[in-house]
Amino acid sequence: MPDFVYRPPMSPYFSIVYKDDAVIVFNKASGLLSVPGRIEKDSLWQRAQRVWPELKVVHRLDMATSGLIVMALGKPAQSHLSRQFQQRRTAKTYYAEIYGHPQQPQGEVELPLRCDWPNRPKQMVDFELGKHALTKWKVLETRPHSSLVELQPITGRTHQLRVHMQQIGCPIVGDGFYATAAAKALSERLHLHAAKLGFYHPQTEQWMEFSCPPPF
């Protein structure tokens, strides 16, 4: 995307859903990087680190995706949370508005993914070299030209939800990489939102769950 211009939202500068001595849960805006990019340094982590210098990254959301993301205050909390994400002990639920109407009310997409190197950061389905990727989906609401779906990524591949929805013929509304012209035209932003996040607190081991409704 050589003509891409990074214009991250400035207000609010960042939005906190929950904070204690070990973790901060943010509601990341669409259009804001989670962590600094190769060229662009402005990101959610960099903004919040000015206030909390010990803030550490645990996982990421795509720049175009909005919603819940947890960061750790200090190294022990980061190690604890990172291990949970690697071992898939966390719970993540996304909401998306997809273009069109799936034939079934729910289903699974299991298609291996790898980077499409000449067109990176785009991803592609590849049955020989791709990594295993599994998404569960369920229709929540049918709209005139689209459907609101709940998505559960069982694996966490780059652009997994975006490619998997495209592969069932219903790309995510506003997706600049994978959507058809008609699906892009419905919104200027990607209609993908991390709506629910659950993890074990790194100090107390208590299960914590957060939710944040999608803006679409």
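The values are calculated or read from the model by the stated rules, or taken from the named source; none is laboratory data. Nothing here was measured: the structure is a model prediction, and the numbers come from that model. FYI the Cβ positions are ideal-geometry reconstructions off the backbone, even for glycines, and counts take in every protein chain you see. Note: accessible area is taken over every heavy atom of the protein model, side chains too, but ligands, DNA and RNA are not part of it. Shrake-Rupley method; radii C 1.70, N 1.55, O 1.52, S 1.80 Å.
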task = Tell me, yes or no, whether the stretch 30-43 has at least one residue that is closer than 19 Å to W207 by Cα and under 16 Å from the mean Cα position of the chain (by Cα).
result = no
task = With respect to A133, determine if the residue is touching a strand residue (DSSP E or B) at 6+ places or on another chain (Cβ under 7 Å), within 30 Å of I16 (Cβ to Cβ), surrounded by 16 or more Cβ atoms within 10 Å (Cβ to Cβ) and hydrophobic (A, V, I, L, M, F, W, C).
result = no
ask   = Counting only residues that are without any contact (Cβ under 8 Å) to a residue 60 or more places away in the chain, assigned to a loop (DSSP other than H, G, I, E, B) and in contact with a strand residue (DSSP E or B) (Cβ under 8 Å, 6 or more places away or on another chain), which one in the stretch 60-86 is nearest to G174 (Cα to Cα)?
value = R60
note = Of all strands (runs of 3 or more DSSP E) fully inside the stretch 93-194, the set with 3 or more residues that are touching a helix residue (DSSP H, G or I) at 6+ places or on another chain (Cβ under 9 Å) and free of Cβ contacts under 8 Å to residues at least 40 places away in the same chain is 134-142
remark   = Filtering the stretch 2-27 for residues that are free of Cβ contacts under 8 Å to residues at least 60 places away in the same chain and closer than 28 Å to Y178 by Cβ leaves a count of 12
message = Just the residues that are loosely packed, with under 13 Cβ neighbours inside 10 Å and of a type in the set (V, I, T), please, taken from the stretch 1-34.
response = V5, I16
query = Does the stretch 186-201 include one or more residues that are of a type in the set (D, E, K, R), within 15 Å of T65 (Cβ to Cβ) and open to solvent by less than 10 Å² (accessible area, probe 1.4 Å)?
reply = no
